[in-house]
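**Q** Just dropping this structure here.
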Amino acid sequence: MAKKQQRKLRVGVLGESPNDTKAMIALLKPRYGEQVEFFILLDRITGDMLEAAETFRNLHKECEYEKPDLVVVIRDLDSLEEKGPKWRLRQAYFRKVATAVGKKKSLKLLHIYEIEALICADIRAFNEKFVCTCVVADDPMAISEPKELLMAATAPGKPRYAEGHCAELLAKADYDKLLANCRYFAKFDQEFNQRLA
């Protein structure tokens, strides 16, 4: 008798831009694709539009329609690791999302400083793509404005790093190296695993 195939968990991904959501799916899918079906929520809402009251209403409606088992909510702190005003604003945002989608369905991922910290956590893919020798600090969470660091590392007269490269670079990243080098991502991955169980 054939073994019944287990249903994949449906995980919605909500972020500040399509670059962020596509990049996180490109990173997570090779690791979790057998267990999880990823999809993007509110793919046309970007940046500060995420904070609008209408966005939370639309998110609630989309979740009722899509019925995700879990919603990964991605934001950039745009600051170094500290519990200051920007951190408090992000926590308030995460609480509003949890209310809109259901408290037990929401899982936050707060990039410190921004998503490019993950690229810096395994700089090899970046250096190979842009044929450069970017060197980063041991702790990517200590880099202020990692996006600007990556842009500056690309050679003059050659293609420059842009946010649209995130998905391609994170798809080639060594997942275990990211876990070892980036504390906030390791914490997220641990919580993600617990939710999948």
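The values are calculated or read from the model by the stated rules, or taken from the named source; none is laboratory data. All figures in this text were calculated on a predicted structure; none of them were measured in a lab. Here Cβ is always computed from backbone atoms with ideal geometry, including for glycine, and neighbour counts include all displayed protein chains.
Per-residue answers, yes or no, for (1) in contact with a His (Cβ under 8 Å, 6 or more places away or on another chain); (2) assigned to a strand (DSSP E or B); (3) within 30 Å of Glu148 (Cβ to Cβ); (4) modelled with pLDDT of 95 or more:
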{"residue": "Phe38", "(1), (2), (3), (4)": "no, yes, yes, yes"}
{"residue": "Ile45", "(1), (2), (3), (4)": "no, no, yes, no"}
{"residue": "Asp48", "(1), (2), (3), (4)": "no, no, yes, no"}
{"residue": "Glu54", "(1), (2), (3), (4)": "no, no, no, no"}
{"residue": "Val73", "(1), (2), (3), (4)": "no, yes, yes, yes"}
{"residue": "Glu81", "(1), (2), (3), (4)": "no, no, yes, no"}
{"residue": "Lys86", "(1), (2), (3), (4)": "no, no, yes, no"}
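**Q** Would you mention how many residues in the stretch 36-82 are under 19 Å from Leu107 (Cα atoms), in contact with a helix residue (DSSP H, G or I) (Cβ under 9 Å, 6 or more places away or on another chain) and of a type in the set (Lys, Arg)?
**A** Counting residues in the stretch 36-82 that are under 19 Å from Leu107 (Cα atoms), in contact with a helix residue (DSSP H, G or I) (Cβ under 9 Å, 6 or more places away or on another chain) and of a type in the set (Lys, Arg) gives 2.
**Q** Now a separate question. Tally the residues that are surrounded by 14 or more Cβ atoms within 10 Å (Cβ to Cβ) and over 15 Å from the mean Cα position of the chain (by Cα), restricting the search to the stretch 176-196.
**A** Residues in the stretch 176-196 being surrounded by 14 or more Cβ atoms within 10 Å (Cβ to Cβ) and over 15 Å from the mean Cα position of the chain (by Cα): 2 in total.
**Q** I would also like to ask the following. I need a count of the residues in the stretch 161-171 that are more than 15 Å from the chain's Cα centre (by Cα) and touching a residue at least 12 places away in the same chain (Cβ under 8 Å).
**A** 1
**Q** Please go through (1) touching a Pro at 6+ places or on another chain (Cβ under 7 Å); (2) not in a loop (DSSP other than H, G, I, E, B) for Phe126 and return the number of the only condition it doesn't satisfy.
**A** (1)
**Q** Please go through the stretch 113-125 and pick out each residue that is touching an Asp or Glu at 6+ places or on another chain (Cβ under 9 Å) and either free of Cβ contacts under 8 Å to residues at least 60 places away in the same chain or surrounded by fewer than 18 Cβ atoms within 10 Å (Cβ to Cβ) (or both).
**A** Correct list: Tyr113, Glu114, Glu116, Asp122, Arg124, Ala125.
**Q** Further, regarding this structure: Quick one: in the stretch 99-115, which of the residues that are closer than 18 Å to Leu196 by Cβ and out of contact with any Cys (no Cβ under 8 Å at 6 or more places or on another chain) is modelled with the lowest pLDDT? Let's see the steps before the verdict.
**A** First pass over the stretch 99-115, keeping only residues closer than 18 Å to Leu196 by Cβ: 101-109.
With the extra rule that they be out of contact with any Cys (no Cβ under 8 Å at 6 or more places or on another chain), the set shrinks to 103-104, 106-109.
Details: Lys103: 76, Lys104: 88, Ser106: 96, Leu107: 97, Lys108: 96, Leu109: 97.
Among those residues, the one meeting the criterion is Lys103.
**Q** Right, here's the next one. Of everything in the stretch 14-34 that's farther than 12 Å from Glu163 by Cα and aliphatic (A, V, I, L, M), which residue is surrounded by the fewest Cβ atoms within 10 Å (Cβ to Cβ)?
**A** This residue is Ala26.
**Q** In the stretch 35-44, what residues are loosely packed, with under 15 Cβ neighbours inside 10 Å, touching an Asp or Glu at 6+ places or on another chain (Cβ under 9 Å) and under 15 Å from Asn58 (Cβ atoms)?
**A** none
**Q** So which of Ala100, Ala173 ends up being surrounded by 15 or more Cβ atoms within 10 Å (Cβ to Cβ), more than 30 Å from Ala53 (Cα to Cα) and in contact with a helix residue (DSSP H, G or I) (Cβ under 7 Å, 6 or more places away or on another chain)?
**A** Ala173
**Q** Out of Leu150, Leu110, Leu179, report the one residue that is assigned to a helix (DSSP H, G or I) and either among the aromatic types (Phe, Trp, Tyr) or in contact (Cβ under 8 Å) with a residue 12 or more places away in the chain (or both).
**A** None of the other options fit; the residue is Leu150.
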